[in-house]
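As structure tokens, the structure follows; a few thoughts come after it.
The values are calculated or read from the model by the stated rules, or taken from the named source; none is laboratory data. Not measured: the values here are computed from a predicted model. Cβ atoms come from the backbone with ideal geometry, glycine included; neighbour counts cover every protein chain shown. To get the accessible areas, we keep the full protein, side chains included, count just its heavy atoms, and leave off ligands, DNA and RNA. Shrake-Rupley method; radii C 1.70, N 1.55, O 1.52, S 1.80 Å.
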Amino acid sequence: MHVGLLTSDGCFSSGLTALIDVLSTAEAQRPDVDPSIPPIRVDVTGTSRTVTTGAGLTVPVTMHLRGLQALDVVVVPALGTMTAEDTLCALAARAIRAIITVLGDLDPDVTTVAAACTGVFTLAESGLLNRRRATTSWWLGAAFRSRYPSVLLDLGTMRRVSPCLAEHVARLLVIDERASQSGYLVVDHLNHNDPLVRAFEQQARVRLGESPDVRELAAAIGTSRRTLERRTQAALGMSPLALVQRLRAERAAYLLRTTAQSVEQIAPQVGYANGSTLRALLRRVQVRSQVRPDPAGGR
């Protein structure tokens, strides 16, 4: 299996080197763990002889862009941008435009394409992801949906080819496996520009302790529940109820982290009658907030 890492200057160092290390480890372990799959060969490909990452690491390019169509798998690492706005600006760079053009010539039924984080924008820009399912980092979701409405965005994760080898390498390299990114999502960092959804968020935050109905919140900002459902789905990829639950979970996690209150004491402050319901929500939403252990959690 011939894998090409399609990258450009300014990319994240770890985004490139981690892929090299993971794939190299997979090849080293393959004969013992899953010899049924072909040998894994890795090449770095780009528009020049070397790639210089954002941190100044220089990596030699071992394959020219012309050889891209001979690859079995093409992976685009993260671009090295920190915001959605910078990511969109990076797509206009000369080297990135050349990469986008070459990607557009690939046949996705012949060559498997993948990307990490901001690199997914490069794939989407080429048109390869139209009417296909894709994922990216959760904080890029709103900007991605706005620019590429024909791509089916799913903030989950996927693996294939050799699940047993993937699991073995993950254990060796202590890679944390998660079914989705929901546990990392921070509501305050959700990036969207829909004034109706922002108004809904503000109303929900103010009234978290009242346990208001979504229909009531929609009426309070002068809209219908149906319109609100459509707008929050478009802006955030979630329903109004899911957003309210996320806000409740974030508030509860914050209080658990910064006060001595128990889950039972916090539950009414975020709209729940008892602690067991709140605990169920926190488990389901998987808020990663460095919260202190709840003494009653195991009862």
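Things worth noting here:
- R226 meets the conditions (1) open to solvent by less than 50 Å² (accessible area, probe 1.4 Å); (2) over 23 Å from A273 (Cα atoms) in every case but one. The failed one is (1).
- Residue selected from the stretch 66-76 under the condition of a type in the set (V, I, T) and either closer than 14 Å to S8 by Cβ or in a helix (DSSP H, G or I) (or both), by the criterion most open to solvent (accessible area, probe 1.4 Å): V75
- Just one of (1) modelled with pLDDT under 90; (2) over 30 Å from N274 (Cβ atoms) fails for D188. It is (2).
- Taking the criterion of being touching a residue at least 60 places away in the same chain (Cβ under 8 Å) and of a type in the set (G, A, S), the residues of the stretch 1-18 that qualify are G4, S8, G10, G15.
- Test: residue in the stretch 163-181 that is modelled with pLDDT of 90 or more and part of a loop (DSSP other than H, G, I, E, B): no
- Within the stretch 56-67, the presence of a residue that is within 21 Å of the chain's Cα centre (by Cα), of a type outside the set (D, E, K, R) and closer than 22 Å to E27 by Cβ is excluded.
- Taken over the stretch 104-149, the criterion of being assigned to a loop (DSSP other than H, G, I, E, B) and touching an Asp or Glu at 6+ places or on another chain (Cβ under 6 Å) is satisfied by T135 alone.
- Residue list for the stretch 39-70, filter: under 24 Å from L128 (Cα atoms) and basic (K, R): R41, R66
- Number of the exception - Y272 against (1) aromatic (F, W, Y); (2) open to solvent by less than 40 Å² (accessible area, probe 1.4 Å); (3) modelled with pLDDT under 85: (3)
- Test for A204: is it modelled with pLDDT of 90 or more, open to solvent by less than 20 Å² (accessible area, probe 1.4 Å) and more than 18 Å from D154 (Cα to Cα): no
- Conditions (1) surrounded by fewer than 16 Cβ atoms within 10 Å (Cβ to Cβ); (2) farther than 30 Å from R147 by Cβ; number of the one not met by L282: (1)
- Any hit, the stretch 87-97, residues being over 16 Å from T47 (Cα atoms), over 16 Å from the mean Cα position of the chain (by Cα), surrounded by fewer than 19 Cβ atoms within 10 Å (Cβ to Cβ) and touching a residue at least 24 places away in the same chain (Cβ under 8 Å): yes
- Hits in the stretch 229-241 - residues which are open to solvent by 60 Å² or more (accessible area, probe 1.4 Å) and of a type in the set (S, T, N, Q): Q233
- Identity of the residue in the stretch 98-130, out of contact with any strand residue (DSSP E or B) (no Cβ under 9 Å at 6 or more places or on another chain), β-branched (V, I, T) and open to solvent by 30 Å² or more (accessible area, probe 1.4 Å), that ends up modelled with the lowest pLDDT: V110
- Every residue from the stretch 1-18 that is in a helix (DSSP H, G or I) and either over 18 Å from I99 (Cβ atoms) or out of contact with any Gly (no Cβ under 8 Å at 6 or more places or on another chain) (or both): S13, S14, L16, T17, A18
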